[in-house]
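Contents: one structure, followed by commentary.
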2 protein chains.
Amino acid sequence: MLTDRQLLILRAIVDDYIKTAQPVGSRTLSKRSDVTFSSATIRNEMADLEEMGLIEKPHTSAGRIPSELGYRFYVDHLIRPESISPQEAKALKSLFAHSVNENDRLIRHTADLLSELTHYTTLVLGPKEEGQRLHHLELIPLAEGRVVIVLVTETGHVEHKTLQLAEALSREAASRLMERLNQTLRGTPLSMLRGRLLEEIRRFRSEHSEQTTLLSKALDIVLTDQDEGRPLIYLGGKANMFDQPEFQDVAKLRPVLELIEQQEALFDFLSPNLDNQILITIGSENNVDALKDCSVIRAHYSVDGISLGTLALIGPKRMDYNRGINSIIHLLQAFQTELRKNNLD
Amino acid sequence: MLTDRQLLILRAIVDDYIKTAQPVGSRTLSKRSDVTFSSATIRNEMADLEEMGLIEKPHTSAGRIPSELGYRFYVDHLIRPESISPQEAKALKSLFAHSVNENDRLIRHTADLLSELTHYTTLVLGPKEEGQRLHHLELIPLAEGRVVIVLVTETGHVEHKTLQLAEALSREAASRLMERLNQTLRGTPLSMLRGRLLEEIRRFRSEHSEQTTLLSKALDIVLTDQDEGRPLIYLGGKANMFDQPEFQDVAKLRPVLELIEQQEALFDFLSPNLDNQILITIGSENNVDALKDCSVIRAHYSVDGISLGTLALIGPKRMDYNRGINSIIHLLQAFQTELRKNNLD
DNA sequence: TGTTAGCACTCACTTTTAACGAGTGCTAAT
DNA sequence: ATTAGCACTCGTTAAAAGTGAGTGCTAACA
């Protein structure tokens, strides 16, 4: 167990390093107002902290920097839930002053807000399609056998795809089919929609001996479209990465930016956050080589108890966890409130 | 006027520098198989070329590199329209083997293809909305006064927005209004659509004494949505920037990547390409400070003589113009062919 | 007259050496 | 238990020396 003094020193080191990005020496610490003991004492304590693996030195004659374990300890035990400043709280409220009634845009907006708030890069993972339920389906026949299919989920998410049929679909036939589909399929989870949709169309066709081509084409388009099944990822404040001193070296910066551009990789990385809390992963804890020098703060957002997606903040290991956590918590709430408004249950 | 030998030397310098990114010395050149004269002669010619401002030396004891004027001359006079290799031509055809019947996706796909083909970063400016004409308008009433409005242009572009009305819109009312709007508004350029739409709705309301709230809300949403009016920009191969030796320095890299992330700035930059040719801008010719070390190859794409958008390639000034131009020309044609298929005239 | 060989000169780049100083670990005194 | 003192470490910076690719100029050559 750590003594109070050791806690004080550890916190001071982490705080200082987060602020300056420079290794913290014993003399520097001894000059702080909340430190009453000498630099020699600090050196002794530092030696102990180092033995415990909480801090380390880049080289012999440098100050100490927090180790990953040190950050972990700091995050787990030393963070004060410093509440957001009054101005910021006010700003937060006004950010969502005029409702955004399209979830996609709301999510994008939120990503930007969070990055502005924290000066870190933000990732927002949109809702998984699978979990969502169908609210409404619309078929819009156009000229030349072109049909637009519009799909609205209960969360208010709208999506459209264009099909190309061999023969034109009459407006009447579309209307009848549509009515039938909406009757039978409303509330179907999107994960099951593909199958049921085809089944319904087949049944409809046998009953009305109507166009058959629609079936195969719709199958082609809707089913082969794998990538559309995964949620979208919105990024905010990519340029903030440039400001971090640890990423001044292109070799360090590159893997992070490259990863961020890869939707699939990010998706895999962000998805498996199961519990509902704030999750912080530091450096190697990310289990992703490109993020070995980064920390990620993640929060799940949900509406009516249904988990929808993830809000994440990505920065150097030396990131301002305090500010990050607080910002994400506060924005999360405002965000969820807005999301709920858009629900179409 | 330049002598044949000077042309040979200039071309050799540019070619070499494009390949190696190293200043080219007279001795290096004299060892080329197509150079029959000595390094001393080359030095004399180089001195002349330098006097003409076509090449320059980074410092006294280095080889020569092309000046912006040199690149300009190279691009204007020395590029051989080296046709694409047979394999590549075949590959190009197969790239669009299965048609993409949604323009948005087609454009995105094209951006990726072009960057893969050239190993440079690609920008594709989507069609301007203003120029496009309305093909079809659909109103989909949902629960709780939510209405999705779907808009299809004659180019096959589909767009949707969600409106929130104070009171619900009945399916019948929507259907009637929709029929009316489509009758009167089909073919309207989107730039004029906003105004005409409102007018039509007002007229419809007075004739049928129907919901009035729709008007104001639709106005709010459709009109205030400025940013949706500008075309989308798709990026491909952002990471390719990392491979260029001139951008190993974060200070050089940053402004370029930052600019690329800014939709508006790019829009302003890419738009004013009026003529239908391939346009190449080198370094300061870009008139954008962030691109002072970059060259941009642009090509307008059009369908049926109607200019739609821009295909652009961005790389260092030392970019492989030959390959870039050829790739963009060939892809442009394939792309336009695909686009034409999606037209709904 | 155009071309080439030769040579002194320039200058970025690399390596070497030296000086600096922030920081440490250890010891002895308080 | 705490602290003052001191030798030691080692990254950083600066200056000095050496290296080599490349140039410009001149004189000889075809």
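The values are calculated or read from the model by the stated rules, or taken from the named source; none is laboratory data. From a predicted model like this one, the values you see are computed outputs, not experimental measurements. Every residue, glycine as well, gets a Cβ built from its backbone with ideal geometry; the counts of neighbours run over all protein chains shown.
Brief remarks follow.
- Qualifying residue in the stretch B:113-120 (condition: over 27 Å from A:His136 (Cα atoms) and within 13 Å of another protein chain (Cβ to nearest Cβ)): yes
- Restricting the stretch A:144-161 to residues that are touching a residue at least 24 places away in the same chain (Cβ under 8 Å) and over 26 Å from the mean Cα position of the chain (by Cα) leaves a set whose member that is nearest to the other protein chains (Cβ to nearest Cβ) is A:Glu144.
- Residue in the stretch A:167-175 that is crowded, with 16+ Cβ neighbours inside 10 Å, away from chain B (no Cβ under 14 Å) and of a type outside the set (Ser, Thr, Tyr) present: yes
- Within the stretch B:1-29, the set of residues being assigned to a loop (DSSP other than H, G, I, E, B) and away from DNA strand C (no atom under 14 Å from the Cβ) comprises B:Met1 only.
- Within the stretch A:101-112, being within 13 Å of chain B (Cβ to nearest Cβ) and either touching a Pro at 6+ places or on another chain (Cβ under 9 Å) or more than 16 Å from A:Ala312 (Cα to Cα) (or both) holds for A:Asn101, A:Glu102, A:Asn103, A:Asp104, A:Arg105.
- Within the stretch B:52-86, the residues that satisfy the criterion of being among the basic types (Lys, Arg) and more than 9 Å from DNA strand D (Cβ to nearest atom) are B:Arg72, B:Arg80.
- Flag if B:Arg32 is in contact with a helix residue (DSSP H, G or I) (Cβ under 7 Å, 6 or more places away or on another chain), outside any helix (DSSP H, G or I) and either under 22 Å from B:Asp320 (Cα atoms) or more than 14 Å from DNA strand C (Cβ to nearest atom) (or both): yes
- Filtering B:Gln244, B:Gln248, B:Gln263 for residues that are in contact (Cβ under 8 Å) with a residue 40 or more places away in the chain, within 14 Å of chain A (Cβ to nearest Cβ) and either buried (at least 21 other Cβ atoms within 10 Å of the Cβ) or among the polar types (S, T, N, Q) (or both) leaves a single hit, B:Gln244.
- When the residues of the stretch A:321-335 are filtered to those that are surrounded by fewer than 19 Cβ atoms within 10 Å (Cβ to Cβ) and farther than 20 Å from A:Gln244 by Cβ, the one that is nearest to the other protein chains (Cβ to nearest Cβ) is A:Ala334.
- Only strands (runs of 3 or more DSSP E) whose full extent lies in the stretch B:243-345 are considered here, and the ones with at least 2 residues that are in contact with a Cys (Cβ under 8 Å, 6 or more places away or on another chain) and in the same structural domain as B:Glu102 (by TED's automatic domain parsing) are B:306-316.
- Breaking point among (1) away from every other protein chain (no Cβ under 14 Å); (2) modelled with pLDDT under 85; (3) out of contact with any helix residue (DSSP H, G or I) (no Cβ under 6 Å at 6 or more places or on another chain), for A:Glu210: (3)
- Considering residues of the stretch B:42-51 that are of a type outside the set (A, V, I, L, M) and free of Cβ contacts under 8 Å to residues at least 12 places away in the same chain only, the residue farthest from DNA strand D (Cβ to nearest atom): B:Glu51
- All conditions but one from (1) touching a residue at least 24 places away in the same chain (Cβ under 8 Å); (2) surrounded by 14 or more Cβ atoms within 10 Å (Cβ to Cβ); (3) away from DNA strand C (no atom under 16 Å from the Cβ) apply to B:Glu82; the one that does not is (2).
- Single unsatisfied condition, B:Ser33 versus (1) among the hydroxyl-bearing types (Ser, Thr, Tyr); (2) surrounded by fewer than 16 Cβ atoms within 10 Å (Cβ to Cβ); (3) at pLDDT 95 or above: (3)
- Some residue of the stretch A:97-107 being out of contact with any Leu (no Cβ under 9 Å at 6 or more places or on another chain) and touching a residue at least 12 places away in the same chain (Cβ under 8 Å): yes
- For B:Glu144, the requirement of being surrounded by fewer than 18 Cβ atoms within 10 Å (Cβ to Cβ) and in contact with a helix residue (DSSP H, G or I) (Cβ under 7 Å, 6 or more places away or on another chain) is not met.
- Filtering A:Gln22, A:Gln6 for residues that are closer than 14 Å to A:Gly70 by Cα, within 39 Å of the chain's Cα centre (by Cα), within 12 Å of DNA strand D (Cβ to nearest atom) and surrounded by 13 or more Cβ atoms within 10 Å (Cβ to Cβ) leaves a single hit, A:Gln6.
Listed here are the residues, each with its yes/no results for (1) under 27 Å from A:Asp15 (Cα atoms); (2) buried (at least 19 other Cβ atoms within 10 Å of the Cβ).
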site: A:Asp268; (1), (2): no, no
site: A:Glu285; (1), (2): yes, no
site: A:Val296; (1), (2): yes, yes
site: A:Ala299; (1), (2): yes, yes
site: A:Gly305; (1), (2): no, no
site: A:Ala312; (1), (2): yes, yes
site: A:Met319; (1), (2): yes, yes
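- The set of residues from the stretch B:35-49 being within 12 Å of DNA strand C (Cβ to nearest atom) and either outside the structural domain of B:Phe73 (by TED's automatic domain parsing) or part of a helix (DSSP H, G or I) (or both) comprises B:Ser39, B:Ala40, B:Thr41, B:Ile42, B:Arg43, B:Asn44, B:Glu45, B:Met46, B:Ala47, B:Asp48.
- Among the residues of the stretch A:315-345, the one identified as under 17 Å from the mean Cα position of the chain (by Cα) and among the acidic types (Asp, Glu) is A:Glu338.
- Scanning the stretch A:290-307 finds no residues that are within 14 Å of another protein chain (Cβ to nearest Cβ), more than 23 Å from A:Thr20 (Cα to Cα) and among the basic types (Lys, Arg).
- Condition met for A:Thr60 (within 16 Å of DNA strand C (Cβ to nearest atom) and hydroxyl-bearing (Ser, Thr, Tyr)): yes
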